[in-house]
Amino acid sequence: MFLTESKDLLNKHTDDMWLCCRCSLCKFPPLAQIKSHRFSGVCCSMDYGFFHAWSGSGKIIMGLSLLENRVDEITETMRDAFLQCTLCGACDVSCKYSTNIEVLDTIFDIRRYIVKTIGAHPVHLKYLEKAEEYYNPYGEPHEQRQQWMQSAKAFQNETAKTVFFTGCTAAYRHQDIAIASAEILNAGGLEFRICNDEWCCGSPIYRSGQVDEAVKFFEHNIELLSEEGIEEVITACPGCYSMFVAEYPKYLKGDLLEKWSRIKFRHMVEVIEEFIAKKKIEFAEGPNNKRIIVTYHDPCHLGRGSEPWIPEWEGTVKKIYNQIKVYDPPKKTRRGTKGIYKSPRFILKQLKNSGVEFVEMFRINEYAYCCGSGGGVKAAYPEMALTASIERLEEVEAVLKSKFEEISKINKPVDEMILVSACPFCKTNFENGINESGKNIRYLDINQLVNERIKREGMQ
Amino acid sequence: MNKENLDSITKTMEVIVGKRFVCADPGILDTYAFNWNADNLSGGVSKFANRPLCVVMPEKTAEIVKVIKYCNQNKLQFKAMSTGWGVHNTVGSEGVIQLDLRRMNRILSLDPKNRIAVVEPYVSGAMLQAELFKYKLNCHIQGCGANGSQLATVTSMVGQGWTGISTGFSNRNVLGVEWVMPDGTVCHLGSWGNIAKKKQNDPEELEIDASEWFLADGPGPSLRGAYRGYFGAFGGLGVFTKAAIKLYHWSGPEQLELQGNSPTYNLKGSKLPAGVATYILNWKTWEDFKEAGYALADSEVCWALCRIAPFITGLGIFPSNDEFYEKYEALFGELKYNLMVITMADSKREFKYHQKVIKEIVMKTNGEIFPMSQDPFFSAMTFMAMAKQCNTMRGVFRAGGGFFTSLGALGSWDWCVEGAKIGEQLKQKAIDSGGLVDDGADNVWGTPYEEGTFSHLEELYMYDITDPESRKASVEYLKSVVEAAQEYPLGLGLGTVDGEGSAMHAIFGPLACNYHKWLKAIKQAFDPNNASDPGFYLDPEKIKD
Amino acid sequence: MPIEFDRISELFEETEILKDPETLKRVYCDSIVNNSAETPVAAVFPKNTSQISELIKYLRTIEDINVLIISSRTEPKFFEDTRTNSNIFIIDLTKMKKISFVNKKNKVCVVEPGVTWSELTKILKESGLRPRSPFLPRQGKSVLTSILDREPHLCPKAQFDISDPLLCMEVVFGNGEIFRTGEAAGPRSMEENRQAGAALKNPLGPGQTDIFRLIQGSKGTYGCCTWISMQCDFIPTKRIIKFINYDNVEPLADFIYATVRRRLVDEVFIINDNLFKAIFPMAEGDLKRYILMYAINGYEWLPDEKIEYQMEDCNEILNQINLIPSESLANVQQSEVEPILDGQTVDPHPKYSETTIAVDIFYNTTLDRVQNHIQIVDELLRKHQFPLERLNLYIQPIIQARATHLEFSLIADRPGFETNLSTAYEKVCEIGRELAEFAISNGGFFSRPYKLVKEFAFKGHEAYIEGLRKIKKIFDPDAILNRGELCF
């Protein structure tokens, strides 16, 4: 298809494209943090697509190629190179250790350009169709969205100012996460309610590049929350969380932006951390006194992706030393480091006396490896999602086994090796990966892990 | 080339490596045409060099052999790349098959006792180093940083490095190679050669034991001399698929524990490991700097001894240009002719000796220990950056996105400093015209190697790659560098690298014993069909007899 | 076409040409092991490079000529080289004896082919330098030839590359063209560069070849080297030498591994008791089989403190391995060893006497394989009833102890002085060949192949040989240089 669409989305990033020098740092964690040869890659796109085009740099270069009319169509291969990307942001983090290049923003805008030019991926179009009809991309009945609450041993307070935002995946695929979250909130004494007319946060539609369509979902949710007088939103889904804190404000205008700014957004791990710090919950031994080794996977949207939004910079650029640009006022840069990393680790360390041994992986925090399911990849490229999941599970297995051997030497019994994370979407993909690979690992959401160990009356 | 021919070629490639690992899509190919320094080769106009015919991604030596033989039979050209940073990785002309060696990324064997590692092309310095510290070992990492290929630097590129005083120069760090020659013959250089033959017929089934790769030379003359010199062939003389790399003693901890987040990682607690000291030493004159360089090299106390100009030190330390602008002059304004020195000791008495010597040398050469270098935070970050080789990009590319090198001698330290003076003067003119970053003109980087076997200093420069006028200034400056390399007695400077190979040889060959004629003869002998892309090497057709 | 000596006379003075067959035979053929070498047709003694260049250009026109380049004049001769060819023309460089550049600051000097180790040591001493010399170089041995032969030197920590201490060179190729390597090639003249501070330190290039690596090890088959620049060292202001006497190589190897990687010792090597006694006639008493000698040197910067800390660190290592060093051994003091570390030889030389001659088998392996190799060789020698007291061993770690030069010197009876069947020269050569075969099969590598081991050294290196032959065609298109040597 000839490229007749406006190239404004590409033009915006001309400087970023020229600044890329093809150093390939986007394929690895920041160099100082490479701790293992085996687990030295950070880009699940590259690990699937192999060619340079699949890297952060590669996509930027292809953007420049399009901008300069070096290619006159977006082929299916190019489209795949652009879309076989979870938008995890690891490339952005690694690049920004050394440069000023807005890698993720550029890649995302190129994705938007592609969608405008040749249309969204057919699978992603289906998301949109379902979401527009059912307010969730799974096409499940909207009225069943909050049915999970009936199974929870928890109660809501209809007048509470805090909403638990379920999110589509927890609502329709992993109710156990929602249930555990609600039970924890009760245990910690935090009054909450759920919204029956909660729509999809818009993440799957947005991240597939269908931005204009996604904005309607943003607007609805903020309008709803505002009308309900909600002051705080808690969610167990990083996808939703990152949309709220990092993406919504980019597109909401006028009073909607104002309404958004009056709401406090938190992920469940922040809430649990607070509960522990304020001694609102305590832990007992695990079910059947099981002793487990766990490692923690940083969900991209909870880590890199949830660094709060920074308003678009306005000011003057000047050159110093002849040719170095500086900004007045200084430009703030999102580097993915201000996301939520400490809270889950704090929680896991607090569970030590509850029989939980925690060990870190090699690729963690802002340089964690993606599970492979985000950015529309799970639906449109399931093989890639599975490949990424299994790659990550290799690392999980390596560190858990190593810790197991260490513990075995001092004769402490271990009953199970568990991968913990804080994202329903990661859960889906990791469980698929575990099934496919046959690894002896169980996946547990952090809410479930915490919930089964909270000391409650009547417990032994 | 017409579509039919292209299809035939790609189908053949698919049979060799698998359908998934061949691509001829122009958009994808452009990601192989685009590279650092392509703008200088295009007169400042484009960051794209030549587009390959297709990209092929082999996993094994045997696959590479098949591709090469096919190219020879069908009058095609090929060019291999590993980590692929720099325009010398691009194909020299359209119609060349690019071999991307990303899938060949194994550390095949480690011999900690004899300090040898055997690696495939896509093993970077960081990947290898991650497996070495626990054996109290390290590797030489080339100046561009730990993201570069270990194999490529010893076989095909250049190989200066920040820790060269103790870890040598890449050309001299190889103990054996598996070389697929331009005609497809597989040649094992050195001690492993004979054993390889004895073990198996199929090279892919050979079990690699690094302790068997202890010498690259012989029997008789060393063919290392055929495949590279100061620079490598940049892909112009076949493909290297395995290399045995020298490893060096590491006195540091098994793991460097870090704190903080990107971009301000530092050692945990800003604490240097036991036995480590870092310094920035400063002199007011080139002469004192020169004498101190000799003394430090001869003293055998340095783990790193490197000249990194104040400007780049500042860029490397501060996480943003804004912060650099805010703090640089105040913190680094007093630095002039400086050397970064790091000592590493295994015993307290060794540590004590090192520090005494450093202080003695500083005193006797009218130098000073730059006070800020003793600040724990700064000192720890310096060590982290040097140990992990992780800050090069930041130091040279973040300023304006455009960076390259120019003049500089490789030889005695005296000569290097002379070169630095000339480079400074030449660059000042370019700075005065406004197009290049004003880095103070003196921005030489380099080090004495191997306790003083030889040294190098190269004049680095930066420019704004997003500004067409600045790019033009870079192009003009490089032209002046090529002229200066002919005019001044400085040897073959690095600014001549990444030029189109034959063009550079045509200029410099006649000035240097007509080495280009011998290079041509070697190329013709080993590559009679000119199948190995000669773009950054030498094209026999372009060099007159 | 026969040689026209008139043409030779145009290039050389009369005193520089030797044509007398008797003298030629005596000087170049009569050796103590073999007098069957063909007498050369002539020899010339050039004094400069252009003579050599013009000569070679002329000799290319002579059919079947075989040009031999000689730089050493060692007596007695017991070489086993390729003088079985006919029509040999010798370029004798022994009179090119200039040491044209000595630079203390850069620890470098330039030597012509005829300079010997003892000559060089003497000259360098005047400038406070010493050469990086091999172990016990024979009188008359050319420095340049030693270095081109890649003979190991005594200080492994200083050897970053197998080519060390070689830096730049000038060579006349087999086609007569003159070339200089490294920074000596240019741009600009060497003199101009020197004025700018250059000191012939950079061996690499020019450009994208290292022709010096092709010339080194080529045994005169690619070209005639007319000078080299080479690395030197300062003379230590202070030095400690220690001995360790032990009956097994392994712990000695452990000591070398541990110290060399940390750059704690300078010169270090291992010899056996037989060789020790041959070198040091004052040695008395029983000795365990292996003697390791190591030196710690102090230079300009706090030499006493350097030696002190390095000695103590070494002692810690020795404690862990349960080895005990001594300051003397069997009546041999540091003062007796020191000259050897600085390039001097001994007389009589252990490799020959009036009635004996050494058959050397040397190759490269790793230090941790040495003990095993020695044990197997002992068995081999016993099998042939070769007396072990006639075996000299020299173990020299090289390239910072990543590889090792392992040398078995079998002291044979000179022809005409046989005492026993098993020690007769021809028999010992046979044993040597068997030893070489064993070495090859067990990871030994003949980086420096010579006649006795040639048939084994190149086995399995077919592709490599092909490469060498391609180079041969480039540099010596008419194959006039040292035909038959190596794999040519």
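Below is a table of values for the structure above.
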{"quantity": "Residue list for the stretch A:75-111, restricted to those being closer than 24 Å to residue A:372 by Cα, within 10 Å of chain B (Cβ to nearest Cβ) and not charged (D, E, K, R)", "calculated": "A:75, A:77, A:78, A:81, A:82, A:93, A:94, A:95, A:97, A:101"}
{"quantity": "Restricting the stretch B:302-343 to residues that are of a type in the set (Ser, Thr, Tyr) and touching a strand residue (DSSP E or B) at 6+ places or on another chain (Cβ under 8 Å), the residue that is nearest to the other protein chains (Cβ to nearest Cβ)", "calculated": "B:325"}
{"quantity": "Total residues in the stretch C:366-401, condition assigned to a helix (DSSP H, G or I) and polar (S, T, N, Q)", "calculated": "3"}
{"quantity": "Pick from the stretch B:521-545, criterion touching a Pro at 6+ places or on another chain (Cβ under 8 Å) and free of Cβ contacts under 8 Å to residues at least 24 places away in the same chain, ranking: nearest to the other protein chains (Cβ to nearest Cβ)", "calculated": "B:524"}
{"quantity": "Those residues of the stretch C:436-449 which are surrounded by fewer than 20 Cβ atoms within 10 Å (Cβ to Cβ) and more than 9 Å from every other protein chain (Cβ to nearest Cβ), in sequence order", "calculated": "C:437, C:438, C:442"}
{"quantity": "Contacts under 6 angstrom Cβ, first residue in the stretch C:463-477 being facing chain B (nearest Cβ under 7 Å), partner part of a helix (DSSP H, G or I) and not small (Gly, Ala, Ser), 6 or more apart", "calculated": "C:471/C:214"}
{"quantity": "Members of the stretch C:82-117 that are surrounded by fewer than 17 Cβ atoms within 10 Å (Cβ to Cβ), among the small types (Gly, Ala, Ser) and outside any strand (DSSP E or B)", "calculated": "C:86"}
{"quantity": "Residue ID - farthest from residue C:425 (Cα to Cα), chosen from residues in the stretch C:18-50 that are in contact (Cβ under 8 Å) with a residue 60 or more places away in the chain and of a type in the set (Val, Ile, Thr)", "calculated": "C:49"}
{"quantity": "Residue check for residue C:456: within 14 Å of another protein chain (Cβ to nearest Cβ), at negative phi and free of Cβ contacts under 8 Å to residues at least 40 places away in the same chain", "calculated": "yes"}
{"quantity": "Yes/no for residue C:262 being of a type in the set (Lys, Arg), assigned to a helix (DSSP H, G or I) and touching a residue at least 12 places away in the same chain (Cβ under 8 Å)", "calculated": "no"}
{"quantity": "Among (1) in contact (Cβ under 8 Å) with a residue 24 or more places away in the chain; (2) part of a loop (DSSP other than H, G, I, E, B); (3) surrounded by fewer than 24 Cβ atoms within 10 Å (Cβ to Cβ) - the single one residue B:105 does not satisfy", "calculated": "(1)"}
{"quantity": "The stretch B:497-526, subset buried (at least 23 other Cβ atoms within 10 Å of the Cβ) and among the charged types (D, E, K, R), residue nearest to residue B:231 (Cα to Cα)", "calculated": "B:498"}
{"quantity": "Failed criterion for residue B:141 (all others in (1) within 14 Å of chain A (Cβ to nearest Cβ); (2) over 23 Å from residue C:401 (Cα atoms) hold)", "calculated": "(2)"}
{"quantity": "Filter result for residue B:29 (within 30 Å of residue B:462 (Cα to Cα) and in a helix (DSSP H, G or I))", "calculated": "yes"}
{"quantity": "Subset tally (residues that are among the β-branched types (Val, Ile, Thr) and within 9 Å of chain C (Cβ to nearest Cβ)) for the stretch B:344-363", "calculated": "2"}
{"quantity": "Residue that is farthest from residue A:387 (Cα to Cα), among those in the stretch A:427-445 that are buried (at least 24 other Cβ atoms within 10 Å of the Cβ) and in contact with a Phe, Trp or Tyr (Cβ under 8 Å, 6 or more places away or on another chain)", "calculated": "A:427"}
{"quantity": "Residue B:75 vs. criteria more than 14 Å from chain A (Cβ to nearest Cβ), part of a loop (DSSP other than H, G, I, E, B), surrounded by fewer than 20 Cβ atoms within 10 Å (Cβ to Cβ) and over 24 Å from the mean Cα position of the chain (by Cα)", "calculated": "yes"}
{"quantity": "Pick from the stretch B:108-145, criterion more than 10 Å from the chain's Cα centre (by Cα), among the hydrophobic types (A, V, I, L, M, F, W, C) and in a loop (DSSP other than H, G, I, E, B), ranking: surrounded by the most Cβ atoms within 10 Å (Cβ to Cβ)", "calculated": "B:123"}
{"quantity": "Residue in the stretch A:349-356 that is assigned to a strand (DSSP E or B), closer than 22 Å to residue A:399 by Cβ and not basic (Lys, Arg) present", "calculated": "yes"}
{"quantity": "Helices (runs of 4 or more DSSP H) completely within the stretch A:211-262 that count 2 or more residues being of a type outside the set (D, E, K, R) and over 17 Å from residue A:339 (Cα atoms)", "calculated": "A:211-227, A:254-261"}
{"quantity": "Failed criterion for residue A:340 (all others in (1) aliphatic (A, V, I, L, M); (2) in contact with a Lys or Arg (Cβ under 7 Å, 6 or more places away or on another chain); (3) over 30 Å from residue B:461 (Cα atoms); (4) within 14 Å of chain B (Cβ to nearest Cβ) hold)", "calculated": "(2)"}
{"quantity": "Checklist (1) surrounded by fewer than 15 Cβ atoms within 10 Å (Cβ to Cβ); (2) assigned to a helix (DSSP H, G or I) applied to residue C:8, failing item", "calculated": "(1)"}
{"quantity": "Candidate set from the stretch B:236-266 (those that are within 13 Å of chain A (Cβ to nearest Cβ) and in a strand (DSSP E or B)); member that is surrounded by the fewest Cβ atoms within 10 Å (Cβ to Cβ)", "calculated": "B:259"}
{"quantity": "Failed item, numbered, when residue B:227 is tested on (1) within 14 Å of chain C (Cβ to nearest Cβ); (2) more than 26 Å from residue B:409 (Cα to Cα)", "calculated": "(2)"}
{"quantity": "Residue in the stretch A:50-70 that is outside the structural domain of residue A:300 (by TED's automatic domain parsing), in a loop (DSSP other than H, G, I, E, B), touching a residue at least 40 places away in the same chain (Cβ under 8 Å) and more than 21 Å from residue B:397 (Cβ to Cβ) present", "calculated": "yes"}
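Residues checked against (1) at positive phi; (2) outside the structural domain of residue C:132 (by TED's automatic domain parsing); (3) at pLDDT below 95; (4) in contact with a helix residue (DSSP H, G or I) (Cβ under 7 Å, 6 or more places away or on another chain):
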position	(1), (2), (3), (4)
C:337	no, yes, no, no
C:346	no, yes, yes, yes
C:349	no, yes, yes, no
C:364	no, yes, no, yes
C:370	no, yes, no, yes
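The values are calculated or read from the model by the stated rules, or taken from the named source; none is laboratory data. Just so it is clear, the structure is predicted and the values come from calculations on it, not from any experiment. A quick note on method: Cβ atoms are made from the backbone with ideal geometry, for glycine too, and the neighbour counts reach across all protein chains shown.
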